[in-house]
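Down below is the structure, laid out as structure tokens.
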Amino acid sequence: MAAFPLIAPDPDDPAYRLVTFVHDEDDCDGVLALLHTVTDKDRHAGDLTPHLMTRRNDRWEITYRLRADHRASYQLHPFRGAPPGTTRADWLHVLDHARPDPHDTEARLPARDGRHPASVLSLPQAPAQPYARRREDVPRGRTLPRTVAGRRVDVHLPAGHGHGHGAGLGLGLGPYPVAVLLDGEMWGEVLSVGDTLDNLTADGAIPPTVALLVHTMGPGRPEELSCNPAFVDHLADHLLPWAAREFGATDDPRRTVIAGQSAGGLTAAFAAFRRPDRFGNVLSQSGSFWWPDETEFDEGSEWLTRRFAAEPRREARFYVEVGLQEWMLLTQNRHLRDVLTARGYEVEYREFNGGHDYACWRGGLADGLAHLLGRAPTNGPCRPNG
């Protein structure tokens, strides 16, 4: 029996593949394919026609020509009547009802808010993600729910960490490195990032690390994750000292990482700009560096990048990644890279062939943590990478 989606060489270019998705359901008038960010780009342009599947040989089919290193989550949306519209309300309805590929039973990406999981397409040359899945051969850490100054924070402790005040000091290791993960309810409750952290630790890719999964996906997210000084100061002055007291987390900014995606990526970079005394390592994935004005290169856009260009260099290192399919973010992330490098920051910059997608970010998060925590920090000034 053939495996789906069907992946075939592109006869005109070996760097590409022809990827055919199929759907067998008869009780519908059409099927919309949702290839993450790719479909959304055409929805923004007001035309979903390129993603409507065609009825052939008693099944629905659609073929995409994709570069051989593409990775994306995807879903299928069977519908009755007219094809879905492109308004925000229409799109939310699609997202609420779209389903994973029924032919896929293993590579699914969990969802939240009652939505269905997504399938994951990883073409042969997509970057490996060796740490993303649960492994039974590694020691397991523990995740503890906590509330700090009224905010929910889930704390993932590495295997062997004793529980209690200053417990990280009991193993003779000194204070633990600490990783602050924004949108922690997604990483912890949905994506089980503890498995990734345990895998990284077991393989020696990172030292045993206390991870603080900060819940930020509530109604206050747009305000908090927009270069908000009060939010960053809360993390620096309340959360980190609390983690030091309770779990033996370090107070060394060179061994502290703050990680975020989208608006969280912007906020992670702002944390190092505002509080380099506490945040010495930034892991930004698909950061919204256009903020506060989406008009490219307008005087109101890219506020934080302009601040990095104009003000004295902070002691901070950066791991920045963005997807080649992210038409609203790619240019701005490249601009940030260029500014940081010109100012003498140490920057590891990567572009992956994918979109605004946890299917890509879960591998990039592991890579970024390994890069930032996997080697001892130096006392000298940071130098640009490449």
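The values are calculated or read from the model by the stated rules, or taken from the named source; none is laboratory data. Everything quoted here is computed from the prediction, not taken from an experiment. All Cβ positions, glycine included, derive from the backbone under ideal geometry; neighbour counts span all protein chains shown. With ligands, DNA and RNA removed, areas are computed over all heavy atoms of the protein, side chains included. Shrake-Rupley method; radii C 1.70, N 1.55, O 1.52, S 1.80 Å.
Go through region 333-359 and count every residue that is part of a helix (DSSP H, G or I), open to solvent by 10 Å² or more (accessible area, probe 1.4 Å) and either at pLDDT below 95 or not β-branched (Val, Ile, Thr) (or both).
In the first step, residues of region 333-359 are kept if they are part of a helix (DSSP H, G or I); the result is 333-342, 358-359.
Imposing the further condition that a residue be open to solvent by 10 Å² or more (accessible area, probe 1.4 Å) reduces the set to 334-335, 337-339, 341-342, 358.
With the extra rule that they be either at pLDDT below 95 or not β-branched (Val, Ile, Thr) (or both), the set shrinks to 334-335, 337-338, 342, 358.
Here the count works out to 6.
Take His44 and decide whether it is within 30 Å of Asp183 (Cα to Cα) and either touching a strand residue (DSSP E or B) at 6+ places or on another chain (Cβ under 6 Å) or buried (at least 17 other Cβ atoms within 10 Å of the Cβ) (or both).
Numbers: within 30 Å of Asp183 (Cα to Cα): yes; either touching a strand residue (DSSP E or B) at 6+ places or on another chain (Cβ under 6 Å) or buried (at least 17 other Cβ atoms within 10 Å of the Cβ) (or both): no.
In short, no.
I'm checking my understanding of the structure. Among residues of region 260-279 that are surrounded by fewer than 24 Cβ atoms within 10 Å (Cβ to Cβ) and free of Cβ contacts under 8 Å to residues at least 60 places away in the same chain, which one is nearest to the chain's Cα centre (by Cα)?
Applying the first criterion (surrounded by fewer than 24 Cβ atoms within 10 Å (Cβ to Cβ)) to region 260-279 yields 262-263, 273-278.
Then drop every residue that is not free of Cβ contacts under 8 Å to residues at least 60 places away in the same chain, which leaves 263, 273-278.
On the way: Ala263: 11, Phe273: 21, Arg274: 22, Arg275: 22, Pro276: 22, Asp277: 25, Arg278: 22 Å.
Going through the qualifying residues, I end up with Ala263.
Out of all the residues in region 212-225, is one or more touching a residue at least 40 places away in the same chain (Cβ under 8 Å) and small (Gly, Ala, Ser)?
Taking every residue of region 212-225 in turn, none turns out to be touching a residue at least 40 places away in the same chain (Cβ under 8 Å) and small (Gly, Ala, Ser).
Taking Trp291 as the residue in question, decide whether it is more than 24 Å from Gly364 (Cβ to Cβ), aromatic (Phe, Trp, Tyr) and surrounded by fewer than 24 Cβ atoms within 10 Å (Cβ to Cβ). Break it down into steps so the answer makes sense when it comes.
Working: more than 24 Å from Gly364 (Cβ to Cβ): no; aromatic (Phe, Trp, Tyr): yes; surrounded by fewer than 24 Cβ atoms within 10 Å (Cβ to Cβ): yes.
No, not satisfied.
Please tell me if Thr216 is crowded, with 21+ Cβ neighbours inside 10 Å, part of a loop (DSSP other than H, G, I, E, B) and hydroxyl-bearing (Ser, Thr, Tyr). Before the answer, list the steps.
On the way: crowded, with 21+ Cβ neighbours inside 10 Å: yes; part of a loop (DSSP other than H, G, I, E, B): yes; hydroxyl-bearing (Ser, Thr, Tyr): yes.
Considered against the rule, which asks whether it is crowded, with 21+ Cβ neighbours inside 10 Å, part of a loop (DSSP other than H, G, I, E, B) and hydroxyl-bearing (Ser, Thr, Tyr), Thr216 comes out as yes.
Suppose we filter region 98-133 for residues that are part of a loop (DSSP other than H, G, I, E, B) and free of Cβ contacts under 8 Å to residues at least 60 places away in the same chain; how many remain?
10
Residues being open to solvent by 70 Å² or more (accessible area, probe 1.4 Å), under 27 Å from Glu326 (Cβ atoms) and not in a strand (DSSP E or B): count how many of those fall in region 1-35.
2
Identify, by number, the condition in (1) within 28 Å of Thr209 (Cα to Cα); (2) more than 20 Å from the chain's Cα centre (by Cα); (3) modelled with pLDDT of 95 or more that Asp137 doesn't meet.
For Asp137, the failing item is (3).
When you go through Val282, Val257 one by one, which is the residue that is among the β-branched types (Val, Ile, Thr), more than 22 Å from Gly355 (Cβ to Cβ), in contact (Cβ under 8 Å) with a residue 12 or more places away in the chain and open to solvent by less than 10 Å² (accessible area, probe 1.4 Å)?
Values: Val282 fails: more than 22 Å from Gly355 (Cβ to Cβ).
Selected residue: Val257, the only one of Val282, Val257 that is among the β-branched types (Val, Ile, Thr), more than 22 Å from Gly355 (Cβ to Cβ), in contact (Cβ under 8 Å) with a residue 12 or more places away in the chain and open to solvent by less than 10 Å² (accessible area, probe 1.4 Å).
Could you go through region 88-101 and let me know if any residue there is touching an Asp or Glu at 6+ places or on another chain (Cβ under 6 Å) and open to solvent by less than 20 Å² (accessible area, probe 1.4 Å). Break it down into steps so the answer makes sense when it comes.
At the first step, the residues of region 88-101 found to be touching an Asp or Glu at 6+ places or on another chain (Cβ under 6 Å) are none.
Checking region 88-101: not a single residue is touching an Asp or Glu at 6+ places or on another chain (Cβ under 6 Å) and open to solvent by less than 20 Å² (accessible area, probe 1.4 Å).
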